[in-house]
Amino acid sequence: IMVRLTGQNSVNVHADAGMRVGGQTVAPGQAVSLSGTTATIMSGCGGGAIRTVRLTAPFVEPISMAPSRPARDFLKFCGSNTAYRGALGLDGGRVVNRLHIDDYVKGVIPKESVPAWGDSGGMEALKAQAVVARTYALAAIAGGKKIDDTQNSQVYGGVASEDRRTNVAADATTGQILRQNGQPAFTEFSASTGGFFR
């Protein structure tokens, strides 16, 4: 899934485990800055340029794109250290996060429900939110919608918004979606429907 990060306007990132860009490995401690279809590998955030790489796809990837990777694989923006699972790059000049759908819901559930429900008998509600969030994103994409990190899609906060309890709910429902006529159902949800469901 590809999610537009509305609060970011450039890709200048680092990762504790190192990264990959344009088929090249970037060592731990180094950083990468994207500009158009060129990546500049630097000695660190704000450091001097080591080399440039021409790109066919302007993305910086972690060492592994597999879901549920450890924190040392997260890409972090230089300056803020805001972390994201998966790859960070540019799509049409906009900053996007490309990641596995199961990792995406980890950054959605705490923003769209209450993590503390997991401590008071509400873990099944969090699991339901994981399934609904996963399904909603897939149905929206199938319908041609571009996903962003705001309520225009689902609020998504990356790693910073994750919670241990909601991550348990996401992992417990890995790959589960709701289907209608064999396709992902449009599972739009709201905090203010007054209990009405259609």
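Normalised size of segment 7-123, defined as Cα radius of gyration per 2.2 N^0.38 Å with N residues, equals 1.15. Projected onto its three principal axes, the C-alpha set of segment 1-68 covers 32, 25, 23 Å, listed from the longest axis down. Compared with the alpha-carbon gap, the fully stretched path from Val155 to Ala71 is longer by 28.1 nm at 0.36 nm per residue. For a straight C-alpha distance cut-off of 20 angstrom, the aspartates and glutamates reachable from Lys146 (same-chain residues fewer than eight places away being disregarded) are Asp91, Asp102, Asp103, Glu112, Glu188. The slack in the chain from Thr52 to Arg164, taken as 0.36 nm per residue of separation less the alpha-carbon distance, amounts to 36.5 nm. Across the accessible surface of the chain, with the other protein chains kept in place and a 1.4 Å probe, carbon and sulfur atoms take up 49 percent. Among the listed options (i) 11.7; (ii) 11.1; (iii) 10.3, the one matching mean projected area of the Cα convex hull in nm² as calculated from these coordinates is (i).
Solvent-accessible surface of segment 69-124, averaged per residue with a 1.4 angstrom probe and all protein chains in place: 41 square angstrom.
A simple spin-label model places pseudo-atoms 7 Å from Cα toward Cβ; at Thr38 and Gln183 they are separated by 4.3 nm. Here the label points at Ala17 and Ala125, each 7 Å from Cα along the C-beta direction, are separated by 3.4 nm in the simple model.
With all pairs of different alpha carbon atoms counted, what Kirkwood hydrodynamic radius in Å does segment 99-139 show?
Values: mean 1/r = 0.0971 Å⁻¹.
Computed over Cα pairs of segment 99-139, the Kirkwood hydrodynamic radius comes out at 10.3 Å.
Tally Lys and Arg at +1 and Asp and Glu at -1 over the other residues with C-beta under 9 Å from the C-beta of Thr173: what net charge comes out? Residues near Thr173 contribute 0 overall.
The values are calculated or read from the model by the stated rules, or taken from the named source; none is laboratory data. These numbers come from a predicted model, not from an experiment. So basically every Cβ, Gly included, is an ideal-geometry build from the backbone, and we count neighbours across all protein chains shown. Ligands, DNA and RNA are stripped out before the accessible areas are found, and what is left, the full protein with its side chains, is counted by its heavy atoms. Shrake-Rupley method; radii C 1.70, N 1.55, O 1.52, S 1.80 Å.
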